[in-house]
Amino acid sequence: MTETLIWTVVALILIGVYLSWTAGRLDRLHMRIDAARAALDAQLLRRASVTQELATSGVLDPAASIVLYEAAHAARQAEEDHREVAESELSQALRAVFGEPEQVELVRQAPGGEEAAGELAAAVRRVPMARRFHNDAVRAARALRRHRKVRWFRLAGHAPFPLAFEMDDEPPVALADRPA
Amino acid sequence: MKIGIVCPYSWDVPGGVQFHIRDLAEHLIRLGHEVSVLAPADDETPLPPYVVSAGRAVPVSYNGSVARLSFGFLSAARVRRWLHDGTFDVVHIHEPASPSLGLLTCWAAQGPIVATFHTSNPRSRAMIAAYPILQPALEKISARIAVSEYARRTLVEHLGGDAVVIPNGVDVDFFARAEPKKEWQGETLGFIGRIDEPRKGLPVLMRALPKILTERPGARLLVAGRGDEEEAVASLPAAMRSRVEFLGMVSDEDKARLLRSVDVYVAPNTGGESFGIILVEALSAGAPVLASDLDAFAQVLDQGAAGELFANEDADALADAAIALLGDATRRSELSTRGSAHVRRFDWSTVGADILAVYETVTDGAASVDTDERPLGLRARLGL
């Protein structure tokens, strides 16, 4: 009788330790998502600011300037639930304007243009990177949260179910292309 | 930036991953970053100043060949001390899924972790069995890098999640500036790799050689790499054996000179390649490349635009392509020009910038790496 009791207690403690460890894992994953989201926000903001700077610099023709300014402005001001669409539209605007290598060359030749083009190239390359890291973290967290042990024991607490950030982040070819 | 790099394989034994880490560390140090590499190494091996030894490695059969890995309590303790003393901004683990230092570091660390997946081995039973153990460790990784689109695809299939593709780097100018050597020129085919490793494909090339030599009697094959030379030529007719020259293990300088000298570089690898750094080196040296059509090779060679491909393990196809190339100087120089332009994207200046961009993305607003003290946290949580 005592023996059964001891074994039951040992089993309960082991289950408790395991659940606590899983909760820790989940907590860490949520922290990873937060960090990845912050990094993604930073990269998106950076891209929008560089675009806006270029649009107001007077290097580009008026039509291109207006298109870029509009898109960058919309992306920066977008509400949370409209963000993915606005950022995708900025990607499309950038692709439309910087589709040809000549346009990028034009920017490079303007005073200070070399730097601006470099910053924009870095920004359009880092957005897909940051988004991929974010969505990877989201996927890992979702996989764990769907597990029985997490659902039955409510290990996730009140943390909202993580959502991937879906957008069109294809960079303009002329900017993203590697030196040939 | 303070960067810690973890090498899973023994530093004493040369290998693709080790060279990649050495070049990456030296590139980052040149850019002014503080770099420390943790690698298994024998105590008496002389190490560069930036390498910290994690103890002796044990030879284990892994991923189809013998790898020298490092595990156990002692290694785990060294990993923890290295992490604790290093206070790195970011830790970059190579091959985190191999049972070595990479996995140990994943267990022990918290904070921004970047991981590069080099191999793309087919899904094994060991992998499936180890999945529940691997997953909690791998989910700590904030950013995954795959060395090729092919490696990324297998990573996604096996472990889920996603990765960015950043190819391995090469110092293109080192190869482009090497001086060709007279005695290695004139209708020469080149092969570099372990002679006794069938996956490197020397047996395929040996099967193709009689046909090549019948068509082009003046041709020679230069082989650089260690292994049993007598056994390698055993399948050749005795009269043809003199057309094969073994150079043994060559230095980096001689490797570059060899690649600069040969008329055609042949890469007959039959599998187990996820990137193909040797092709990039050959392209850097301006050597026309003839390679088997492995996924990874086709990608490096821009689907055949920067080098010729032949059907994997098909000695006849290899022979025909080699004969055609040896007889067509225009085609060779065309391949050489196109290859030299294509290979720029693999230069360390480009690859290093991309890797630094990954570091910066994951460190944005994150604390530095430290040992994971959650066992203590658990006790605190239980009120003990």
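Observations, loosely collected:
- GNM on chain B, alpha-carbon springs under 10 angstrom: the most fluctuating residue among B:Ala321, B:Ala54, B:Ala25 is B:Ala321.
- Footprinting exposure proxy for B:Cys7, B:Cys106 (fewest neighbouring C-beta atoms within 10 Å first): B:Cys106, B:Cys7
- Separation between Cα centres of segment B:232-309 and segment A:1-38, rounded to whole Å: 53
- Ranking A:Pro62, A:Ala164, A:Ala86 by Cα position along the charge dipole of segment A:22-176, where only Lys, Arg, Asp and Glu carry charges on their C-beta atoms, puts A:Ala164 farthest toward the positive end.
- Whole-Hz Karplus values for segment B:255-260 come out as 4, 5, 5, 4, 5, 5 Hz, taken residue by residue from phi with 6.51 cos²θ - 1.76 cosθ + 1.60 and θ = phi - 60°; glycine and proline positions read x.
- The calculated 222 nm mean residue ellipticity attributable to helices in chain B amounts to -12500 deg cm²/dmol, summing -39500 (n - 2.57) over DSSP H runs of n ≥ 4 and dividing by all residues.
- Amide hydrogen neighbours beyond the local backbone of A:Asp168, cut-off 5 Å, H modeled: A:Ser88
- Comparing B:Thr214, B:Thr270, B:Thr154 in a Gaussian network model of chain B (Cα springs below 10 Å), the most mobile by mean-square fluctuation is B:Thr214.
- Within the listed set B:Glu34, B:Glu281, B:Glu231, the Gaussian network model of chain B (springs between alpha-carbon atoms below 10 Å) gives the highest mean-square fluctuation for B:Glu231.
- Gyration tensor verdict on the protein assembly as shown (Cα atoms; rounded if a/c is under 1.5, prolate if a/b is larger than b/c, oblate otherwise): oblate
- Counting only Cβ charges, +1 for Lys and Arg and -1 for Asp and Glu, the dipole size of chain B around its Cα centre is about 580 debye.
- Dipole magnitude of segment A:57-180, debye to nearest 20 (Cβ charges: Lys/Arg +1, Asp/Glu -1, about Cα centre): 1520
- Listed values for segment A:149-156 are Karplus-derived 3J(HN,Hα) couplings in whole Hz (6.51 cos²θ - 1.76 cosθ + 1.60, θ = phi - 60°), namely 4, 6, 6, 5, 9, 6, 5, 7, and x replaces Gly and Pro.
- Seen against the Cα atoms of chain B and their longest principal axis, helix B:348-363 is set at about 20 degrees.
- This ranking places A:Trp152, B:Trp82 by how few other beta-carbon atoms lie within 10 Å of each, fewest first, which gives A:Trp152, B:Trp82.
- Counting neighbouring beta carbons within 10 Å and listing from fewest to most, the residues B:Phe71, B:Phe117 come out as B:Phe71, B:Phe117.
- When the convex hull of its Cα atoms is viewed from all sides, chain B shows a mean projected area of 19.9 nm².
- Nearest 10 degrees, 0 to 90: helix B:315-326 Cα axis against chain B principal axis: 70
- Relative to the longest principal axis of the Cα atoms of chain B, helix B:125-138 runs at roughly 50 degrees.
- Prolate/oblate/rounded label for segment B:172-345 (Cα gyration tensor, a/c 1.5): rounded
- Segment A:22-176 - Debye-derived log10 I(q)/I(0), Cα point model, q = 0.12, 0.15, 0.16, 0.20 Å⁻¹: -0.56, -0.76, -0.83, -1.13
Values in this text are rule-based calculations from the coordinates and carry no lab data. Model, not experiment: these values are computed from the prediction. In this analysis, Cβ positions are derived from the backbone assuming ideal geometry, glycine residues included, and neighbour counts consider all displayed protein chains.
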